[in-house]
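Chemist: Got a structure for you, questions after.
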Amino acid sequence: MGILDGKAAVVTGGGRGIGRGHCIHLAAQGASVIVNDIDPDEAGKVVQEISDAGGKAQANNDDIGSREGAAALVQQCADAFGGIHALVNNAGNVKDRTFLKMTDDEFDSVLRVHVKGTFMCSQEAALRMKEQGTGGSIVNTVSAAHFGNFGQTNYAGSKGAIASMTYTWALELARAGIRVNAISPAGTTRMSATAKIGGKVVDLPFIDPTLNGPFVAFLCSDEASYVTGQIFGTGAERITMLEQPKYGTQMLKPGGWQVEDILEHFPKNLGKQLENFGLMKTPYPFYDGVPPKPKA
Ligand SMILES: NC(=O)c1ccc[n+]([C@@H]2O[C@H](COP(=O)([O-])OP(=O)(O)OC[C@H]3O[C@@H](n4cnc5c(N)ncnc54)[C@H](O)[C@@H]3O)[C@@H](O)[C@H]2O)c1
């Protein structure tokens with residue numbers, strides 16, 4: 001008996017890395033799983049692994065960055081397993097380059113898989129869940145890179161867009177009983193085995209990428225029926241909540257702010273509370289070109 005008995009799930013990019021872990025844990029909890037990956041060999045290996053362990057899975061090799069691929073993927077799940085109850089949008093790619101050097105192709109390629117792929121797969125799945133009348137669960141994948149990360153305009157922008165789509169779909173799909181959450185995973189994969197630190201490429205400590213799977217299985221199950229519109233950091237030993245974006249400290253002026261008011265009040269108030277930012281939360285200010293805050 002598992003918490004996903006009788007449910008059908010799709011995992012995009014499930015052939016390796018973090019997605020493979022999702023597939024294995026979903027299947028171990030009783031779900032029938034479509035293992036999607038544009039790499040057929042890797043998807044096939046995961047299906048074999050699940051079958052060997054007594055689970056149920058089928059491979060799918062559609063490109064989730066195309067509408068035809070997204071539609072065919074969801075259709076395969078319905079044909080094979082009688083419906084779809086969970087979608088995990090995990091597929092991803094990276095094409096890192098600093099902002100001023102990034103090409104249109106590098107930008108488009110990453111947005112295509114992450115943003116458009118997540119949009120199209122979710123739309124196809126949610127339409128099907130609504131038609132079934134069963135409700136369901138969508139789990140998106142973001143990254144702490146969306147806080148801002150050097151050299152990742154396309155990737156950080158994609159993950160920020162996915163976070164915003166998660167909140168929006170949680171609002172829109174609630175009436176159809178469809179919950180939408182996201183994880184910000186961690187794990188050593190070909191995407192994250194090394195990092196450039198101080199201009200040098202270094203190996204990072206190993207984190208088992210499959211350890212994000214148990215929480216994804218929970219989010220896909222009815223045990224999480226009260227959880228929607230949330231983003232969780234997962235992987236290794238942690239499960240953490242991402243704070244909801246919201247307005248912070250404010251300055252109010254009846255009638256509105258004129259430039260002279262701003263020049264007088266901003267440095268003494270909000271100007272003293274500027275926060276550290278970016279994935280590394282480097283102390284602000286951190287570049288030679290950004291001067292320290294003016295003395296009041
Ligand atoms: N590895 C990390 O530490 C980390 C951290 C934060 C977020 N993430 C996110 O987790 C997800 C998985 O990353 P990973 O590290 O396992 O990467 P990975 O490269 O090991 O796996 C991604 C898989 O997606 C597949 N894929 C790519 N484009 C596809 C497409 N168009 N259609 C179908 N499949 C496609 C690839 O073939 C690959 O098997 C990504 O969304 C990534 O951004 C990873």
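Computed from the coordinates by the stated procedures, all read-outs in this text should not be read as laboratory data. If you're wondering where the values come from, they're calculated on a predicted model, not measured in any experiment. As a convention, Cβ positions derive from the backbone with ideal geometry for all residues, glycine included, and neighbour counts pool all protein chains shown.
Chemist: Report the residue, chosen from Phe99, Phe218, Phe232, that carries the largest GNM mean-square fluctuation when the chain is represented by alpha-carbon nodes joined by springs under 10 Å.
Modeler: Phe99
Chemist: I'm a student and want to see the number: the projected area of the Cα convex hull of the chain, averaged over all directions, in nm².
Modeler: Numbers: hull surface 75.3 nm².
For the chain, the mean projected area of the Cα convex hull comes to 18.8 nm².
Chemist: Would you mind checking the tilt of helix 67-81 against the longest principal axis of the Cα atoms of the chain, expressed as 0 to 90 degrees and rounded to 10?
Modeler: Approximately 40 degrees, to the nearest ten.
Chemist: When the chain is fully extended, how far beyond the present Cα-Cα distance does Arg175 get from Lys200, taking 0.36 nm per residue of separation?
Modeler: On the way: separation 25, 0.36 × 25 = 9.00 nm, distance 5.00 nm.
Full extension from Arg175 to Lys200 adds 4.0 nm.
Chemist: How would you classify region 69-207 from its alpha-carbon gyration tensor, with a ≥ b ≥ c the square roots of the eigenvalues: rounded for a/c under 1.5, else prolate if a/b is greater than b/c, otherwise oblate?
Modeler: prolate
Chemist: Let me ask something else about it. Among Ile239, Ile231, Ile162, which comes first, second and so on when ranked by fewest other beta-carbon atoms within 10 Å? Present the calculation step by step, with values, prior to reporting the outcome.
Modeler: Numbers: Ile239 14, Ile231 22, Ile162 25.
Neighbour counts put them in this order, fewest first: Ile239, Ile231, Ile162.
Chemist: How high is the FRET efficiency between Ser66 and Arg97 when r is their beta carbon distance and R₀ equals 22 Å, given to the nearest 0.05?
Modeler: On the way: r = 24 Å, r/R0 = 1.11.
Taking R0 as 22 Å, the efficiency between Ser66 and Arg97 is 0.35.
Chemist: Additional query: Report, in whole Å, the centroid distance computed from the Cα atoms of region 256-272 and region 1-59.
Modeler: Their Cα centres are 55 Å away from one another.
Chemist: Could you derive backbone 3J(HN,Hα) for region 40-47 from the dihedral phi with the Karplus parameters 6.51, -1.76 and 1.60 (θ = phi - 60°), listing whole Hz in sequence and x where the residue is Gly or Pro?
Modeler: x, 4, 5, 4, x, 5, 5, 4
Chemist: Between Glu49 and Phe277, how many nm apart are label points set 7 Å from Cα along the C-beta direction?
Modeler: 3.9 nm
Chemist: Same structure, new question: Which residue fluctuates the most in the chain, going by a Gaussian network model with Cα springs under 10 Å, if the choices are Glu124, Glu275, Glu223?
Modeler: Glu275
Chemist: Working out 0.36 nm times the residue gap between Gln132 and Ile3, then minus their Cα-Cα distance, what length gain in nm do you get to one decimal? Display every interim value, and only then the final one.
Modeler: Working: separation 129, 0.36 × 129 = 46.44 nm, distance 2.02 nm.
44.4 nm is the gain from fully extending Gln132 to Ile3.
Chemist: Rank Ser109, Leu127, Gly233 by how far each Cα sits towards the positive end of the charge dipole of the chain (+1 on Lys, Arg Cβ; -1 on Asp, Glu Cβ) and give me just the farthest.
Modeler: Gly233
Chemist: Taking the chain as a Gaussian network, Cα atoms linked when under 10 Å apart, which of Tyr155, Tyr247, Tyr226 shows the biggest mean-square fluctuation?
Modeler: Comparing Tyr155, Tyr247, Tyr226 in a Gaussian network model of the chain, the most mobile one is Tyr247.
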